[in-house]
1. Taking the Cβ-Cβ separation of residue 151 and residue 205 as r and a Förster radius of 45 Å, what is the calculated FRET efficiency to the nearest 0.05?
2. May I ask you to compute the full-extension gain from residue 121 to residue 141, defined as 0.36 nm times their residue separation minus their alpha-carbon distance, rounded to one decimal in nm?
3. Whole-Hz ³J(HN,Hα) for each residue in the range 295-310, computed from phi via Karplus 6.51 cos²θ - 1.76 cosθ + 1.60 with θ = phi - 60°, x for glycine and proline: what do you get?
4. Of the cross-linked pairs 40/149; 47/352; 40/348, which ones have a Cα-Cα span greater than 20 Å in the structure shown?
5. Between residue 24 and residue 212, what FRET efficiency comes out of the Förster formula 1/(1 + (r/R0)^6) with R0 = 25 Å and r the beta carbon distance, rounded to 0.05?
6. Between residue 108 and residues 5 or more places away or on another chain, which pairs have amide H atoms under 5 Å apart, with H built 1.01 Å from N, and which residues are they?
7. Note the full-extension length gain between residue 133 and residue 114 as 0.36 nm times their separation in residues minus their Cα-Cα distance, in nm to one decimal.
Amino acid sequence: MFQFVKKLFNKDGQLVDYYIDMMAEKNRLSQLALEIGFNKIADLISKCPIDVYSTDSDAIKTEYCLNVRPNPNEFATDFWKQVVMKMCTSSDGCLVVQMSDGNIYRAESFVQSDDVLYPRTFSNVVIRSGNRTYKLDRIFTSNDAVLFKYKNEKLLAYLNEINQENAIAWSAAIKGVKSKLSKFKIQMPGNIQVYSEKTRQPITENEYTEKIRKDLSSDDIRVIFSRNGLDISAIDSKSTMTASDVKALKDEVFTNVAIALGIPKSVFYGEVTEKSDANNEFITYAADPIIQELNDGMNGCWLSQLEWERGDRILINTDAIKHIDVIEQASNLDKLYSNGWSHNDILKLRGKPPIDEDWANARRFTKNYATGMDENTKGGDE
């Protein structure tokens, strides 16, 4: 990096404009790439249903809150997208608080205690619902508030690199190294004899060149008298980025951000199909770590230890992230039936409402899967 910077300085210690322009463009492209990447992750997670596994009678009410309407003024899809975006882009993370009526809200700002041996609390909480904010006069604990934070060491390392490069570029600009003054080329014959205007004594070529430089840089100068054979021409030393430079820089930045976020390049550029393995890699390496963070937070906040030990869970369901063509996948769905999936299980996989019939909840197994089951388990020949 520093060898590269050294090459960009000219012999007078001046930094070429190209470097400043490049870093400004790289910073802008990095922000754009991060916004694109986080939007893709947030869009994917926001379309996933949240399943509540519990024998408690409030489980259905909780599912409605998490999947349909978290609070009176927001819908679940947009709510969870905004949660993911804020937890990924804000260094403070995204705080979600639960009110006494069961509704949940995103916090616009808050103050977190610095407790170590005891659960931390959150005060001065300002919640957001749509475009409105409201300050709550209460203190939240880990039982009714969960702080979601995105931890990505690769991304932090990349952003730190960008910040270091920007610091070099902008500090150089602030110190005046980035010169906007015009530069000139002076050509004179070797046998020219020049005399000082004051002493009338001969002066050297370097002394005469310095005199012309001062004249050219003077604010008062309007006309310069040149001798026969003397040629003075302006040099435009400013370097600017071309369209091809920007494209190459964009590809570099987008690729680095995609790698840092765990997003396959083809997904980042939107060049994949439903059958592509890149979609599975995107879910596994980019979305799953954030989904696990959300799962841990919801279970740790909204379930007690006793409820968790008895098997209660709140989980984001990633089974149906990709579109399922029921005609094309009919044979595969049929195999699920033979492996113990009920009709309602299949409907849930497809995002359809269940059927309130006993047969829709019945589980069937082919004989090779039904070995060891009681005689009441329905099976079939294969």
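1. Working from the Cβ atoms, E equals 0.10.
2. Full extension of this stretch gives 6.7 nm more.
3. 4, 4, x, 5, 5, x, 8, 9, 10, 7, 4, 5, 5, 5, 5, 7
4. 40/348
5. Between residue 212 and residue 24 the formula returns 0.10.
6. Excluding prolines and chain starts, which carry no amide H, the hits are 126, 127, 128.
7. Gain on stretching residue 133 to residue 114: 4.3 nm.
Bear in mind that the values in this text are calculations on the coordinates, not laboratory data. Here the structure is a predicted model, which means the values were calculated and not measured. Backbone-built Cβ (ideal geometry, glycine too); neighbour counts: all protein chains shown.
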